[in-house]
Amino acid sequence: MKNSIEAIIKDYVRDYHKIKKIETKWKEPLVSFADAEDSLFYRLKEVVGPNHLMPQDLMEEAKSIIAYFLPFEDYIPNSNIEGKYSSRTWAVAYVETNELISDLNSHVQNEIGKLGYKSELIPATRNYDTNTLISNWSHRHVAYIAGLGKFGLNNMLITRNGCCGRIGTIVTNLEIEPTSRVDTEYCLYKYDKSCKKCVDKCVNNALTEEAFNRHKCREMCIINGETYKSLGSSDVCGKCLVGLPCSSRNPVEI
């Protein structure tokens, strides 16, 4: 079943340009799975926020969570390295990937439905409290539980294809064997303190070695959102993800 779900996701992303006229290009998706009863889900109320949902809040009979990472082709993060403000290419990728996640989730839901099972879909973004800026369902943390990657100093999930891309998750009552998590860190700072380039790259002083100021981060995202508002919801930044050893790979494995 794992291979079938992976194939459904990879095939859809590969052929997405045939469905919609888009600019963005992605590498092959990474897919992993979590047990809805994994004890780490209860930790999310401490690690993320007290209002973080459990899989069973979204679907009472939840058995598994499907998590996937859509890695950007290298030209997208490369376009965003220079300057204080996000590149248009990065903003377009954000908007179009959110659309892809919505369409892909619906497709997966339909395919799971053909097997006689159900799934619940979660928006790619904007499922957060506007005052605290804390999400009630963190795709990154759920993907971590599913073994998709490890967190970097920049608070992004580093996968074996890096951190430049977008994450989607789906809750389902289809039982799928969970993916094993690894113990080794993927972030060079967490691994041996040899890198903190993401801190240096933050253009609004929101990120330090000790803390992350989500409100200062949000300030920069809003500025970029205004710049690219003609594209749609494009409140992004991404400077702390690009031009790094972990942008497109797991640097600890190198």
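Here are the numbers for this structure:
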item: Per-residue HN-Hα couplings for the stretch 162-172 [Karplus 6.51, -1.76, 1.60; θ = phi - 60°; Hz; x = Gly/Pro]; result: x, 10, 8, x, 10, 10, x, 9, 9, 9, 9
item: FRET efficiency, 1/(1 + (r/R0)^6) with R0 22 Å, evaluated for Asn110 and Glu60 via beta carbons; result: 0.55
item: For the stretch 24-149: span of alpha carbons on each principal axis (Å, largest first); result: 46, 37, 24
item: Contact order relative to length of the chain, as percent, for alpha carbon pairs under 8 angstrom and 6 or more apart; result: 25
item: Principal-axis tilt of helix 214-227 within the chain, Cα atoms, nearest 10 degrees; result: 80
item: Accessible surface of the stretch 174-254, 1.4 Å probe, proportion on carbon and sulfur as whole %; result: 47
item: Accessible-area composition of the stretch 1-68, carbon plus sulfur, in percent [1.4 Å probe]; result: 47
item: Given charges at beta-carbon only (K, R positive; D, E negative), |dipole| of the stretch 53-169 in Debye; result: 260
item: Asn136-Thr208 FRET efficiency (beta carbon distance; Förster radius 25 Å; 0.05 resolution); result: 0.45
item: ³J(HN,Hα), Karplus 6.51/-1.76/1.60, whole Hz, each residue of the stretch 231-236, x for Gly, Pro; result: 7, x, 6, 10, 7, 10
item: Descending semi-axes in Å of the chain, equivalent ellipsoid built from Cα gyration tensor; result: 27, 21, 18
item: 1.4 Å probe accessible area per residue over the chain, in Å²; result: 49
item: C-alpha long axis of helix 88-114 to longest principal axis of the chain, angle in °; result: 10
item: Sequence-distant aspartates and glutamates (8 or more away, or on other chains) whose Cα lies within less than 17 Å of Lys27; result: Glu6, Asp11, Asp15, Glu73, Asp74, Glu96, Glu99
item: Estimated distance in nm for a label pair at Glu185 and His215, the labels positioned 7 Å out from Cα along Cα-to-Cβ; result: 2.9
item: Contour excess over end-to-end distance, with Cα ends at Ile223 and Asn155 and 0.36 nm allotted per residue; result: 22.4 nm
item: Relative contact order, percent, the stretch 100-214 [alpha-carbon distance under 8 Å, six or more residues apart]; result: 23
item: Qualifying lysines (Cα of each under 22 Å from Cα of Lys190; at least 8 residues distant if same chain); result: Lys150, Lys201, Lys239
item: Two-decimal ratio, the stretch 120-254, of alpha-carbon radius of gyration to 2.2 N^0.38 Å; result: 1.11
item: Nearest-ten-degree value, helix 2-14 long axis tilted from longest Cα axis of the chain; result: 50
item: Tyr42, Tyr16, Tyr228, ranked by accessible area, largest first (probe 1.4 Å); result: Tyr42, Tyr228, Tyr16
item: Candidate lysines - alpha carbon under 21 Å from Lys20, same-chain residues fewer than 8 apart omitted; result: Lys10, Lys229
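The values are calculated or read from the model by the stated rules, or taken from the named source; none is laboratory data. Here the structure is a predicted model, which is why all the values come from computation and not from measurement. All Cβ positions, even for glycine, are placed from backbone atoms using ideal geometry, and neighbour counts span all protein chains on display. For accessibility, only protein heavy atoms count, side chains too; no ligands or nucleic acids. Shrake-Rupley method; radii C 1.70, N 1.55, O 1.52, S 1.80 Å.
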